[in-house]
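**Student:** Pasting in a structure now, in structure tokens, and then I'll have a few things to ask.
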Amino acid sequence: MERYGNKVLGDSDIAIGLQSQGFSEKQYIPQKIRQNVMLIYKEALTNIIKHSDATRVDVRFMAYNKGFKLQIIDNGKGLQPEQLINGKPIATGHGLKNMEMRAQLMEAELSFPLVDKGFEVLLTFRG
């Protein structure tokens, strides 16, 4: 994740902060789950580059019990109220829809909590 984030954001003016907590070398995450997490992460970074006007993105990958959370927050322009339905972004392209599909495939929850400035993607996998 760190290598990809630095690579894809390296050509932009967006700084990245990465933090990982609670993972051990013995913790096993199945290939299917790892692949979908990585694809959600890639899509989130692509959306940040294309749409956010952000200067920074912070990524936190936190393990707990048998699950984990992936939190991606940028400091960009975020969404306007008219771009939300029931607190969820209106998906105009394929990016958010693909992220939601991948979360469903791995039986995880994908949410977009409102933040003061910017946009947040939160993936929760309970294991």
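The numbers here are math on the coordinates, done by the rules we state, and not lab data. As the structure is a computational prediction, the values presented were derived from the model and not from experiment. Note: ideal-geometry Cβ built from the backbone for every residue, glycine included; neighbour counts use all protein chains shown.
**Student:** Identify which of the listed values of Rg and Dmax of the Cα atoms in Å was calculated from the structure shown: [x] 16.0, 52; [y] 15.2, 46; [z] 14.2, 45.
**Tutor:** Label [z] holds the value from this structure.
**Student:** Restricting to bridges with both residues inside the chain, how much of the DSSP beta-bridge set is antiparallel, in percent to the nearest 5?
**Tutor:** The antiparallel fraction comes to roughly 75 percent.
**Student:** Can you give me the angle between helix 95-105 and the longest principal axis of the chain, using Cα atoms only, in degrees from 0 to 90, rounded to the nearest 10?
**Tutor:** It works out to around 20 degrees.
**Student:** Which is farthest toward the positive dipole end of the chain among Met106, Leu39, Leu70, measuring Cα position about the Cα centre, with Cβ charges +1 (Lys, Arg) and -1 (Asp, Glu)?
**Tutor:** So the residue we want is Met106.
**Student:** Pairs Lys32/Lys117; Lys26/Lys69; Lys77/Lys97: which exceed 22 Å Cα-Cα?
**Tutor:** Distance filter (> 22 Å) returns Lys32/Lys117.
**Student:** Give me the angle, in degrees from 0 to 90, between the Cα long axis of helix 31-47 and the longest principal axis of the Cα atoms of the chain, rounded to the nearest 10.
**Tutor:** That works out to roughly 20 degrees.
**Student:** Hand me the GluC sites (Glu not before Pro) from the range 1-44 located in a DSSP loop with no more than 14 other Cβ atoms within 10 Å, in residue order please. Please list the in-between numbers first.
**Tutor:** Values: sites: Glu2, Glu25, Glu43; in loops: Glu25.
When the GluC sites (Glu not before Pro) of the range 1-44 are filtered for loop state and at most 14 Cβ neighbours within 10 Å, Glu25 remain.
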